[in-house]
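To keep things clear, I will list the structure first and then write my remarks on it.
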Amino acid sequence: MHFTGTVYRNPYWPTYPLIQITQGCTHNKCKFCSMYKVINFKMQPINFIEEDLKEIKRNMPNAKTIQLLSANPLAPTYKVLEPILLLINKYLPNLEYIYTATRVDDIKNKTVEELIKLKNLGIKEISLGVESGDDWTLDRINKGYHSNDIIEQCKKLDEAGIKYWLTFLNGVAGKEHSIDHAINSAKIFNQTNPLLVGTGGLTLFPDTPLLEEAKKGKFMPLTEEEMIIELRTFVENLNVDCYFNTHHTSSINLSGPNFLKRKDKIINQLDRLLKYGDLDRLSNIRKNKRSL
Ligand code: SF4
């Protein structure tokens, strides 16, 4: 298989095989991210894709799912993506479901009609790492789009019938804007129809602008207690019935379907964590994380 540089496989979408159709990230400027610093965005050569498909066909001729890599494989236009997806369907005729992560602004260059065609070619579910719905925060972390883009592009996905996940990055606004980040993200997510809302906690990784800013005192990271308060505020304000997924550093499991039915319970669990949790231990777990 031709895997080039960093490849990120969504750990919550347990499909394989994986196939890389692009390299790197078109944006590559989010201040908390170091994943693709050493590689520029480009299309994976079509002969690599075809060789990989032959290998997958040999090993898994009846594959029903596949996950596209790398950072944002849906960045190219429909015209560029169509022959790749046709090739995937040719080699894997039993394919039912293609999953990928991508950026919100990758949807902009596609019409609803083109999105429907992508869905018919297998793209049924995508993960959008939006991180925040708060414009101040999106600018602060250099995400490259705004909350209105999230709403507009999600509406197009709704029209096309493509399911999507949205992520909330707990802690990424720092102390300065924490509660606004939580409340405004929930407000924007409430205007969409995500299949799943996922939350992850910020870790300041080496070689990221945000870590450098933190060292100079220009970014003030949240304490573990403030992280939980921010997450609680987000949960309290979120009103979409979705699967709710979180990989907080604590061992409490907040993940599961029917978010609205479970919302009060999740808030209670977070309150108990604030009251009784070993927050120093949680903070150490976060500091020792080496990747997303
Ligand atoms: S977080 Fe995602 S969009 Fe931002 S630079 Fe990293 S890979 Fe690219």
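Okay, residues lined up against (1) surrounded by fewer than 23 Cβ atoms within 10 Å (Cβ to Cβ); (2) basic (Lys, Arg); (3) in contact with an Asp or Glu (Cβ under 9 Å, 6 or more places away or on another chain):
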residue: VAL112; (1), (2), (3): yes, no, yes
residue: LEU121; (1), (2), (3): yes, no, yes
residue: GLU131; (1), (2), (3): no, no, no
residue: ASP135; (1), (2), (3): yes, no, no
residue: ARG140; (1), (2), (3): yes, yes, yes
residue: HIS146; (1), (2), (3): yes, no, yes
residue: GLY161; (1), (2), (3): yes, no, no
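If you take the residues in region 45-65 that are touching a strand residue (DSSP E or B) at 6+ places or on another chain (Cβ under 7 Å) and either open to solvent by 60 Å² or more (accessible area, probe 1.4 Å) or at pLDDT below 95 (or both), which one is farthest from VAL104 (Cα to Cα)?
Among residues in region 45-65 that are touching a strand residue (DSSP E or B) at 6+ places or on another chain (Cβ under 7 Å) and either open to solvent by 60 Å² or more (accessible area, probe 1.4 Å) or at pLDDT below 95 (or both), the one farthest from VAL104 (Cα to Cα) is LYS64.
Which residues, taken from region 166-182, are within 16 Å of the ligand (Cβ to nearest atom), open to solvent by 10 Å² or more (accessible area, probe 1.4 Å) and either on the phi > 0 side of the Ramachandran plot or free of Cβ contacts under 8 Å to residues at least 60 places away in the same chain (or both)?
Matches in region 166-182: THR167 only.
Taking the condition buried (at least 16 other Cβ atoms within 10 Å of the Cβ), at pLDDT 95 or above, touching a Ser or Thr at 6+ places or on another chain (Cβ under 7 Å) and not in a loop (DSSP other than H, G, I, E, B), does GLU236 pass? Explain how you work it out, then say what you get.
Numbers: buried (at least 16 other Cβ atoms within 10 Å of the Cβ): yes; at pLDDT 95 or above: yes; touching a Ser or Thr at 6+ places or on another chain (Cβ under 7 Å): no; not in a loop (DSSP other than H, G, I, E, B): yes.
No; evaluated as a whole, the condition is false for this residue.
Please enumerate the residues belonging to region 202-223 that are of a type in the set (Asp, Glu) and open to solvent by less than 40 Å² (accessible area, probe 1.4 Å).
GLU213 - this is the single residue of region 202-223 that is of a type in the set (Asp, Glu) and open to solvent by less than 40 Å² (accessible area, probe 1.4 Å).
Keeping to region 258-277, report how many residues are assigned to a loop (DSSP other than H, G, I, E, B) and surrounded by 13 or more Cβ atoms within 10 Å (Cβ to Cβ). Spell out how you get there, then give the answer.
Narrowing region 258-277 to residues assigned to a loop (DSSP other than H, G, I, E, B): 258, 277.
Adding the requirement that they be surrounded by 13 or more Cβ atoms within 10 Å (Cβ to Cβ) leaves 277.
Count: 1.
Of all residues in region 15-43, which are within 16 Å of the ligand (Cβ to nearest atom) and polar (S, T, N, Q)?
Those that are within 16 Å of the ligand (Cβ to nearest atom) and polar (S, T, N, Q): GLN20, THR22, GLN23, THR26, ASN28, SER34, ASN40.
Exactly one of these conditions fails for ASN193: (1) part of a loop (DSSP other than H, G, I, E, B); (2) under 13 Å from VAL130 (Cβ atoms). Give me its number.
Every listed condition holds for ASN193 apart from (2).
Within region 62-69, is even one residue within 16 Å of the ligand (Cβ to nearest atom), outside any helix (DSSP H, G or I) and not aliphatic (A, V, I, L, M)?
Among the residues of region 62-69, at least one is within 16 Å of the ligand (Cβ to nearest atom), outside any helix (DSSP H, G or I) and not aliphatic (A, V, I, L, M), which makes the answer yes.
Among the residues of region 78-95, is any within 16 Å of the ligand (Cβ to nearest atom) and not aliphatic (A, V, I, L, M)?
Checked region 78-95: no residue is within 16 Å of the ligand (Cβ to nearest atom) and not aliphatic (A, V, I, L, M).
The values are calculated or read from the model by the stated rules, or taken from the named source; none is laboratory data. Keep in mind the model is a prediction, meaning the values are calculated, not measured. All Cβ positions, glycine included, derive from the backbone under ideal geometry; neighbour counts span all protein chains shown. Keep in mind that these areas ignore ligands, DNA and RNA; they rest on the heavy atoms of the full protein, side chains included. Shrake-Rupley method; radii C 1.70, N 1.55, O 1.52, S 1.80 Å.
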